[in-house]
2 protein chains.
Amino acid sequence: MEYPEMQGPVCPMPLKHDQKIVMGHGSGGKMSQDLIQQVFQSEFTSTALLAGNDFAYLAPPPSQNVRMVTSVDAHIVSPLFFPGGDIGKLSICGTVNDVAVSGAIPQYITAAFILEEGFEIDTLQKIVHSMKLTAEEAGVEIVSGDTKVVEKGKADGVFITTTGIGYVPEGILIHGANAQPGDKIIISGNIGDHGIAVLAARGDLGFQTNVESDTAPLNHMIKELLLAAPNVHVLRDPTRGGLATTLNEIAVQSNVGMLIDENTVPIQQAVRAASEMLGFDPLYIANEGKLIVIVPEQEAQAALKAIQTNQYGQNATIIGEVTTKNPKRVLLQTYIGGTRILDVMSGEMLPRIC
Amino acid sequence: MEYPEMQGPVCPMPLKHDQKIVMGHGSGGKMSQDLIQQVFQSEFTSTALLAGNDFAYLAPPPSQNVRMVTSVDAHIVSPLFFPGGDIGKLSICGTVNDVAVSGAIPQYITAAFILEEGFEIDTLQKIVHSMKLTAEEAGVEIVSGDTKVVEKGKADGVFITTTGIGYVPEGILIHGANAQPGDKIIISGNIGDHGIAVLAARGDLGFQTNVESDTAPLNHMIKELLLAAPNVHVLRDPTRGGLATTLNEIAVQSNVGMLIDENTVPIQQAVRAASEMLGFDPLYIANEGKLIVIVPEQEAQAALKAIQTNQYGQNATIIGEVTTKNPKRVLLQTYIGGTRILDVMSGEMLPRIC
């Protein structure tokens, strides 16, 4: 077969700063390549990603005796930017934390973007940069990505789905069915900040507040915690549904009861005030940088101290204990001294907060 | 602390068959739990998923000497159902294939659903069932999931993002930068079926056609191929951008030229006819069950035979070869005997086909 000589590769067209996403950016052709090179590959520089394959190679875990762990989270928060965070930071933290609550070291992240036609590329760049910074802080590598575009009115700016992959070091067994009667229950800090911050950013509060989201990667805190208290039984981050719903999930999984002392649950005054005005219970408001720790009593103080030493855990407190009575139920000893069932959230309270 | 005895756990409310998704299904509370139990956990029965943790445990790969592989894909196809497939089948096949084109055995899938308020739960159940069947055929386990809900008009029914995880057996090294001059280029069957089938399902063709999407999991075909031709250099599934764009990507990655003989590219008559009427080139139309194989000449016939033996590869053909001339360019010897550059697709052609 004969054929003529041709010139070299085509250079990508630089994206203009005022450019918006068009359907062609999702085509898989030249416009997709330009977007990927100039928005994503300028921030995400993993060799696995830059290799340009449809897949990413990962190192196997350090030993055959470890468990690997994965977790997926779709992020649809509205608005995309809020005090203390944005959808990019959230999309890394949410998944890093879900992997880390197994006691695992999170290593790798995959990220898929669903973009709405007309979305500003400048805004996308800010979000991608925020993901990069958060991934650096957490020490995870973004190894695989995908970008799709839908017509205007068929999405809401951008949705980001991330999957995390990591491994649990030998000797650690932490999961939701592992709570034991007598264990102490710790919360790593003030609850309700994230939900109130997002609501405020929407302008839905009807008044001003200075509450910032607590969005944070908790994997370093968890690593330090497990050095101080290696026999931790359960870890979980109380996101959607808040502290109350998450505790209920653990109570059901572990077939135990729980007793929480409302007086000890740390809630900052501005969150308490906003919740009261809106008729919300902070116990059901989402958090994105808090950790529930269920730990044998003899390690509780060491655990508490380790958490308090971390920048994200300064207000950590013991809030209750695991009981044999009332299996699968969480009871709350209230401010006024009574005791009531703290049930799971039944329906919608604050939609699109993560 | 004292507290009264309470009764046992609350049973989930059965979902009615005419029910629609409401914002509360994304709250993380009781309604979310009901949806997960009754729609997802009735089909996806992985112990990792049923354990109810935020993470899933995975077995480590069989040896320290293998590479692990991951890949992510967001699926936004419109309409959700089309001849030969649906978004559920697509969401498994797309990711299974992206993992398998590394030569890997795909093992695990994570899946995140973004649902639009008002979406029918019956329809969601059909999609989830289709995912289950496809995952069974591919031999992959759905280990982790997430469900979010956005307001009506902020999404388009359902978007599904999947991440796949697998491992490459020892001795296999297949990636896009590995094409060598002299290699033969095989396509595993007729091209363009998927794009035309989706377009027809939208009613956008203006005429009837009986073309069905080729959506299929190709991992078993790839396994059989690698037994017959263990020195395969490159595998890739030509999805968005079609055969032409995908070949260009490989030519750039491998810094080689390619020469494709248009006469040998298998295209079914109905696809050719539809493309001509619409002014499309089938070489740029998406496929979801086709494989490009780049293989040393001495293994080309064995590779071809192995593919043709598989149910999804009966029309496999050698369509060209890798060259030293014109690096990073794909040349097409046309029907009429001339030779032209086959460039990457420049912008949008068929939006939302995967």
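Listed conditions (1) under 21 Å from the mean Cα position of the chain (by Cα); (2) closer than 25 Å to A:Gly24 by Cβ are all met by B:Ala316, apart from (2). No other residue among A:Arg202, A:Arg236 is buried (at least 23 other Cβ atoms within 10 Å of the Cβ) and among the basic types (Lys, Arg) apart from A:Arg236.
Scanning the stretch A:340-354 for residues that are at the interface with chain B (Cβ under 9 Å from one of its Cβ atoms) and without any contact (Cβ under 8 Å) to a residue 24 or more places away in the chain gives A:Ile341, A:Ser346, A:Gly347, A:Glu348, A:Pro351. Taken over the stretch B:112-151, the criterion of being open to solvent by less than 10 Å² (accessible area, probe 1.4 Å) and more than 23 Å from B:Pro83 (Cα to Cα) is satisfied by B:Ala112, B:Ile114, B:Val143, B:Ser144, B:Lys148, B:Val149, B:Val150.
Return yes or no: is A:Val168 crowded, with 17+ Cβ neighbours inside 10 Å and over 20 Å from A:Glu137 (Cα atoms)? So A:Val168 does not fit the description; no.
All conditions in (1) touching a residue at least 40 places away in the same chain (Cβ under 8 Å); (2) open to solvent by 10 Å² or more (accessible area, probe 1.4 Å) hold for A:Ser188, with the sole exception of (2). Among the residues of the stretch B:307-331, those that are in a loop (DSSP other than H, G, I, E, B), open to solvent by 40 Å² or more (accessible area, probe 1.4 Å) and away from every other protein chain (no Cβ under 12 Å) comprise B:Gln311, B:Tyr312, B:Gln314, B:Asn315. In the set (1) within 30 Å of A:Val140 (Cα to Cα); (2) among the hydrophobic types (A, V, I, L, M, F, W, C); (3) out of contact with any Pro (no Cβ under 6 Å at 6 or more places or on another chain), A:Ala197 fails one condition alone, (3).
What number of residues within the stretch A:283-306 are farther than 17 Å from A:Pro351 by Cβ and part of a helix (DSSP H, G or I)? Residues that pass the stated criteria total 11.
Scanning the stretch A:42-79 for residues that are hydrophobic (A, V, I, L, M, F, W, C), crowded, with 24+ Cβ neighbours inside 10 Å and in a loop (DSSP other than H, G, I, E, B), we see that the one that is farthest from the other protein chains (Cβ to nearest Cβ) is A:Val77. Each residue in the stretch B:205-233 was checked for being of a type in the set (Gly, Ala, Ser) and either open to solvent by 40 Å² or more (accessible area, probe 1.4 Å) or free of Cβ contacts under 8 Å to residues at least 12 places away in the same chain (or both), and 2 of them qualify.
Restricted to the stretch B:28-39, and to residues there that are within 17 Å of A:Val252 (Cβ to Cβ) and touching a residue at least 12 places away in the same chain (Cβ under 8 Å), the residue that is surrounded by the most Cβ atoms within 10 Å (Cβ to Cβ) is B:Leu35.
Screening B:Glu212 on (1) more than 14 Å from chain A (Cβ to nearest Cβ); (2) acidic (Asp, Glu); (3) over 20 Å from the mean Cα position of the chain (by Cα) shows it passes everything except condition (3). Scanning the stretch A:253-278 for residues that are surrounded by fewer than 16 Cβ atoms within 10 Å (Cβ to Cβ), over 24 Å from the mean Cα position of the chain (by Cα) and under 17 Å from A:Thr334 (Cα atoms) yields A:Asn263, A:Thr264, A:Glu276. When A:Met131 is tested against the conditions (1) over 15 Å from the mean Cα position of the chain (by Cα); (2) in contact (Cβ under 8 Å) with a residue 60 or more places away in the chain, the lone failure is (1). When B:Val168 is tested against (1) free of Cβ contacts under 8 Å to residues at least 40 places away in the same chain; (2) more than 29 Å from B:Leu199 (Cα to Cα), only condition (1) is not met. The condition of being within 12 Å of chain A (Cβ to nearest Cβ), at pLDDT 95 or above and either out of contact with any strand residue (DSSP E or B) (no Cβ under 9 Å at 6 or more places or on another chain) or closer than 21 Å to B:Gly28 by Cα (or both) holds for only one of B:Leu133, B:Leu115, that being B:Leu115. Looking only at the stretch A:332-344, decide whether some residue is part of a loop (DSSP other than H, G, I, E, B), open to solvent by 40 Å² or more (accessible area, probe 1.4 Å) and under 20 Å from B:Gln33 (Cα atoms). Yes; the residues of the stretch A:332-344 include at least one that is part of a loop (DSSP other than H, G, I, E, B), open to solvent by 40 Å² or more (accessible area, probe 1.4 Å) and under 20 Å from B:Gln33 (Cα atoms). Considering only the stretch B:81-107, how many residues are crowded, with 24+ Cβ neighbours inside 10 Å and assigned to a loop (DSSP other than H, G, I, E, B)? Of the residues in that region, 4 qualify.
The values are calculated or read from the model by the stated rules, or taken from the named source; none is laboratory data. All figures in this text were calculated on a predicted structure; none of them were measured in a lab. Cβ sites come from the backbone with ideal geometry, for glycine too, and all protein chains shown count toward neighbours. Side chains included, ligands, DNA and RNA excluded: accessible areas come from the protein's heavy atoms. Shrake-Rupley method; radii C 1.70, N 1.55, O 1.52, S 1.80 Å.
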